[in-house]
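Reading through the structure tokens given below for one structure.
Quick note: the coordinates plus some simple rules give every number you see, no bench work behind them. This is a predicted model, so every value here is computed, not measured. Cβ placement follows ideal geometry from the backbone for every residue including glycine, while neighbour counts extend to all protein chains displayed.
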Amino acid sequence: MVDPPDNDVLWARSLHFQHSDGSPALSGVSFGVREGEILAVSGPRGSGKTTLLRCLAGLVTGQRGEVWFNSVPVHTMAPHARERLRRDRFGWIDPSPVLVPELNALENAALPLMLRGTSRERARAAALEWLVRLDVGDRSRRRPHEMKQAERQRVTIARALAQAPTVLFADEPTAPLHRADRAHVLRTLTTAARSHGITVVVATHDVETAAIADRTLSLLDGRCVNTVHLPPVAETEGRAACSLSV
Ligand SMILES: Nc1ncnc2c1ncn2[C@@H]1O[C@H](COP(=O)(O)OP(=O)(O)OP(=O)(O)O)[C@@H](O)[C@H]1O
């Protein structure tokens, strides 16, 4: 087993994943993610983006291949160790907001920090700060069913950022937002990531989302396809890339 390069926070090698019904989702994916990098994983529907994020985050393990987080092999970890890794080091944003219905927005956003052992006061202060930055501070006492879908999604993003994760996995994070809202939420997400040194892996088929990334990894039918980088443009927050199928 060869150790991953030192400057990669995440590293996948020859990753293969097949669903229980035999559907192939990943067929030999290899790449690295550098510390603090914002990586977009793009590709058409069904190309394997969600499966790749789930493998990297240790939610599932591939049948073949390796996934490393820093110098730790995630693919050989016991399930409880992967669960602890996810709780302590990773953040996750789903395409649709998943919140605890009995808790209000503030309690939801503070929950992961409290599960990690942060005091109630500190967890709530951090959570409120992020709810305010995401323009849902005035919804902090509302329960999920009393908020709009887009507000609920902002709460899930605040919850993920409040944990200050080492790596944030975001699966189509702006899918439930109106186009006008997307830019603000993406800017908040990327500014937070860059200022706190959070590595972000974002699955998307939206070009605007991919354009905020430092690099784009393109998937097609569970395989990486060539990525061609465009020169940096001064006005944009990230560097765009386009892909060519091989
Ligand atoms: N639970 C499952 N059981 C069987 N096949 C699945 C399952 N989930 C996904 N697949 C299949 O695995 C492949 C990869 O799916 P995946 O959701 O990772 O792609 P994706 O690029 O994220 O798609 P989307 O953009 O629609 O979310 C697809 O062919 C999909 O139909």
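Things worth noting here:
- Checking each residue of the stretch 82-96 against the condition of being away from the ligand (no atom under 15 Å from the Cβ) and among the β-branched types (V, I, T) gives no match.
- Residue, nearest to M114 (Cα to Cα), within the stretch 143-175, restricted to residues that are more than 21 Å from the chain's Cα centre (by Cα) and buried (at least 18 other Cβ atoms within 10 Å of the Cβ): P144
- Among the residues of the stretch 103-128, the ones that are over 20 Å from the mean Cα position of the chain (by Cα), assigned to a helix (DSSP H, G or I) and surrounded by fewer than 18 Cβ atoms within 10 Å (Cβ to Cβ) come to 5 in all.
- Only one of the listed residues (F31, F69) is within 15 Å of T199 (Cβ to Cβ) and within 16 Å of the ligand (Cβ to nearest atom). That residue is F31.
- Yes/no for L56 being within 16 Å of the ligand (Cβ to nearest atom), of a type outside the set (F, W, Y) and within 23 Å of L189 (Cα to Cα): yes
- Flag for H16 being out of contact with any helix residue (DSSP H, G or I) (no Cβ under 8 Å at 6 or more places or on another chain) and either within 16 Å of the ligand (Cβ to nearest atom) or in a strand (DSSP E or B) (or both): yes
- Applying a threshold of 7 Å to beta carbon distances and a minimum spacing of six or more residues, or different chains, the list of pairs starting in the stretch 32-52 at a residue that is within 16 Å of F17 (Cα to Cα) and ending at one that is near the ligand (Cβ under 6 Å from one of its atoms) and part of a loop (DSSP other than H, G, I, E, B) reads K49/G43.
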